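Structure, as structure tokens:
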Amino acid sequence: MDKLLALNTLLEVADAGGFSKAAQRLGVATSSVTRLMDSLESSLGTALLTRTPRKVSLTDAGIAYVEQVGKVLDDLAEADESVFDSGASPVGALRIAVPSTYSRLRLAPHLAAFLSDNPRVFLDVVVADHFADLALDRIDVAIRIGLPNRDANLIVRKLADNPRYIVASHDYLERSGVPQTPQALDAHECLRVAYGGGYRTRQIWTFRREAAEEQTEARVEVRGHLLSNSLDILLEAVLAGRGVALLPEWLVAAEIRAGRLMRLFENFDASPHSGDATVYAAYLPNRRHSSKVRALVQFLEARLHTSQEG
């Protein structure tokens with residue numbers, strides 16, 4: 001049995017949740033994967049996998065083993081990479097995690113250029129709106145909007161600012177009137193992004209303005225009939241005239257330019273929460289010397305900053 005092959009195959013089976021899907025990813029026969037897993041379990045003298053007609057899952061022993069194996073294989077890949085990284089171009093697989101809407105509008109347009117610049121890199125893009133566990137999910141780089149406190153062990157690099165705009169459709173404003181001050185929003189239907197889970201009828205939007213070396217701040221309690229963690233759903237709702245929304249510039253800029261949405265309170269910086277909303281690249285400390293990671297982060301720093309200015 002090729003132990004290294006068996007370990008890599010085990011990780012693929014664990015990620016895929018089945019032998020046939022893992023075999024498809026690896027480009028081998030399902031029977032080969034099954035035999036290799038049987039041999040690995042026999043050599044260890046314990047069951048790593050629970051097999052059912054619909055799914056293959058890890059046993060408790062399998063979970064612990066996969067966690068350790070993942071670290072070992074990552075360290076081995078890092079060691080291999082260090083040999084090639086002395087002046088060589090980036091090479092190998094690079095797994096990145098990105099939020100869905102941001103990846104579609106901001107990241108996807110640049111990936112072809114990155115691959116053209118780095119022809120020996122193979123990208124594995126995982127689209128997920130939750131904060132991925134980089135070690136458990138074997139993520140090399142995560143693109144994140146804001147960072148929770150638990151990520152103190154990660155290395156982070158700022159990629160771009162993330163300004164938010166107050167927007168509404170012309171139809172809605174004709175029906176409901178144009179609010180003249182942020183405080184006037186308490187009388188309007190406000191479409192809100194869900195943060196932290198759970199339904200809340202109300203939310204605080206914070207408005208800041210700097211003028212003549214003096215900063216003013218207004219906190220407005222807003223409410224409405226639509227709350228969602230999907231930016232796409234909120235964008236469609238505001239375009240349909242369902243209310244006022246506080247959404248990222250990168251999501252609504254094209255709609256404003258096309259005249260489908262109107263931006264309100266342009267002289268204010270607005271935020272739906274007090275947390276950080278900057279766009280970051282995050283990676284584990286053991287990835288800091290990876291040429292692939294450096295290449296991607298530097299590329300995105302330049303591209304996302306430039307596209308934001310444009």
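Where a number appears in this text, it was derived from the coordinates with a stated rule and is not lab data. Note that the coordinates shown come from a computational prediction; the quantities given were computed from them, not determined experimentally. No Cβ is skipped: glycine too gets one built from the backbone with ideal geometry, and neighbour counts run over all protein chains shown.
Laid out as a table, the results:
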{"read-out": "Translational diffusion of the chain, µm² s⁻¹ [Kirkwood Rh, Cα pairs; Stokes-Einstein; 37 °C; 0.692 mPa s]", "value": "146"}
{"read-out": "Cα gyration tensor shape of region 220-310, rounded if a/c is under 1.5, else prolate or oblate by comparing a/b with b/c", "value": "prolate"}
{"read-out": "Cα-centred dipole magnitude for the chain, charges only on beta-carbon of K, R (+1) and D, E (-1), debye, nearest 20", "value": "600"}
{"read-out": "Region 164-271: proportion of alpha-carbon pairs further apart than 24 angstrom, %", "value": "18"}
{"read-out": "Normalised convex hull volume, region 3-81, alpha-carbon set, Å³ per residue", "value": "88"}
{"read-out": "Neighbour net charge for residue 126 - beta-carbon separation under 15 angstrom, K R +1, D E -1", "value": "-2"}
{"read-out": "Charge tally in the Cβ shell below 12 Å around residue 136, where Lys, Arg are +1 and Asp, Glu are -1, residue 136 excluded", "value": "-3"}
{"read-out": "Environment charge at residue 17 (Cβ cut-off 10 Å; Lys +1, Arg +1, Asp -1, Glu -1)", "value": "+2"}
{"read-out": "Over the chain, relative contact order from alpha-carbon pairs under 8 Å, at least 6 apart, %", "value": "21"}
